[in-house]
Amino acid sequence: MMTAYQSTSEIERMSLLDDDALMAEIGNGSQFAGHVFIERHLSYVLHLCRKKLGREAEAEEAAQDVFASVWKNASHWQAGQAKVTTWLYRVASNRCIDILRRRKPDVALDDAGDPADDTVDVEMAQQMADQNRLIRKALGQLSQDQQQAIELVYYREMAQREAAEMMNMSLPALESVLRRARQKLHNELAGYRVQLQMV
Amino acid sequence: MPKTMTLESFNQLVGSYGAEAHRWPDDHRAAMQDFLQSQPSAQATMGREGKLDEWLDRRLEAASDGLQARLMADMREQLSAIEASDAPKQMPAPSLTRRDYISAALPLAACFLAGIIFAPDALDLVLGGPDILASLDLFADELLPN
């Protein structure tokens, strides 16, 4: 039986692995690897499914099927044959086509986009996945207060006074937290300008 | 609230809220927009913070807690099945019969018997046979100095 500390360090260890190594661990039945894989790729897969399907419930269903496919196929994964994100893109696209056909059986394959020929989309999707990972990693380096301030003011578009009230601080204090957060993000992301410039 | 906007206060506000005017505080927005029109030096901050805004937009929307929970549950179920099937299975210890003991002992007994019969001749050949000694004498005569 693992302690909470051992579990955390095992998850940290897994989060350092690249996608191929993570697939190998999943193929051996590592739930820690599975946990990290979900955290790493869920928002990307879900974004693709939302874009193709437009309906939240169906996008979630498709995403769930994509991950079921990962657990099923991980033990057969051969490192270096393709990028994991490319494979995920294809599995997600095919699943979305199935769902679109179920919704409207006469939908043409072209209307849903043929994932096999869609190399530009695949590359863009990979870049999006990489950029999402970079941003999330940089945001993860912020303090709790800084993360919350960015989340409320930036991502939820909450009014400054409302956000300050929610965080139990004055408006100048919130501004100061936000300023330090953004400065830290500048520093964290400075080394990734090229990757972030793409798309 | 600053009565007049300065480059320093403008930079501080944009440094906190970013370059998108809709995120600026309501009571400063108009003054900030006027300042931006009249002060080209403010553009540098706008460019820098605008880039960060653009990068922050690259974060994809997170999944609902419900979906995450369902995925984790699926994953645990599927992977624990793999782990269970991969676990080394305990092989039962083989039980040896009397016949097994006899078939293991027979070659040993044969070796022992052969040792008793042939050992004297073999030792003689290696250590003390007359032919061997004669050969060694010849060899010594040829090679060793007198």
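Loop-located GluC sites (Glu not before Pro) in segment A:155-199 (DSSP state other than H, G, I, E, B) with a sparse environment of at most 14 neighbouring Cβ atoms within 10 Å: A:GLU157. Given R0 = 51 Å, the distance between the Cβ atoms of A:ALA57 and B:SER41 translates into a calculated FRET efficiency of 0.50. Association of chains A and B removes close to 4300 square angstrom of accessible area from solvent, both sides included, for a probe radius of 1.4 Å. When the Cα atoms of segment B:1-85 are aligned to their principal axes, the ranges along those axes come out at 71, 23, 15 Å in descending order.
In angstrom, the C-alpha Rg and Dmax of chain A are 19.8, 58.
Quick one: putting +1 on the C-beta of Lys and Arg, -1 on the C-beta of Asp and Glu, what dipole do you get for chain A around its Cα centre, in Debye to the nearest 20?
The calculated dipole for chain A is roughly 360 debye.
For A:ARG55, no residue whose modelled amide H falls within less than 5 Å of its own remains once neighbours fewer than 5 places apart on the same chain are excluded. Based on Cα contacts under 8 Å between residues 6+ apart, segment A:141-199 shows a relative contact order of 36 percent.
Divide by every residue of chain A the summed helix terms, -39500 (n - 2.57) for each DSSP H run of at least 4, and state the resulting mean residue ellipticity at 222 nm, rounded to the nearest 500 deg cm²/dmol.
Details: 11 runs with 145 residues, N = 199.
Value at 222 nm, helices only, nearest 500: -23000 deg cm²/dmol.
Derived scalar couplings between HN and Hα for segment B:33-43 equal 5, 4, 4, 4, 5, 8, 10, x, 5, 6, 5 Hz in order, rounded to whole Hz, by the Karplus curve 6.51 cos²θ - 1.76 cosθ + 1.60 (θ = phi - 60°), x for Gly and Pro. In this structure segment A:141-199 gives 57 Å² per residue of accessible area when probed at 1.4 Å with all protein chains present. Working note: Karplus 6.51/-1.76/1.60 with θ = phi - 60° gives segment A:94-101 the couplings 4, 5, 5, 4, 4, 5, 5, 5 Hz, where Gly and Pro are set to x. Remark: segment A:144-151, residue by residue, has Karplus-estimated 3J(HN,Hα) of 4, 4, 5, 4, 5, 4, 5, 4 Hz, where x stands for each Gly or Pro and the curve is 6.51 cos²θ - 1.76 cosθ + 1.60 at θ = phi - 60°. Surface composition of segment A:141-199: carbon and sulfur make up 47 percent of the accessible area, probe 1.4 Å.
The values are calculated or read from the model by the stated rules, or taken from the named source; none is laboratory data. Computed from a predicted structure; not experimentally measured. Don't worry about glycine lacking a Cβ; one is built from the backbone with ideal geometry, like all the others, and counts go over all protein chains shown. Note: accessible area is taken over every heavy atom of the protein model, side chains too, but ligands, DNA and RNA are not part of it. Shrake-Rupley method; radii C 1.70, N 1.55, O 1.52, S 1.80 Å.
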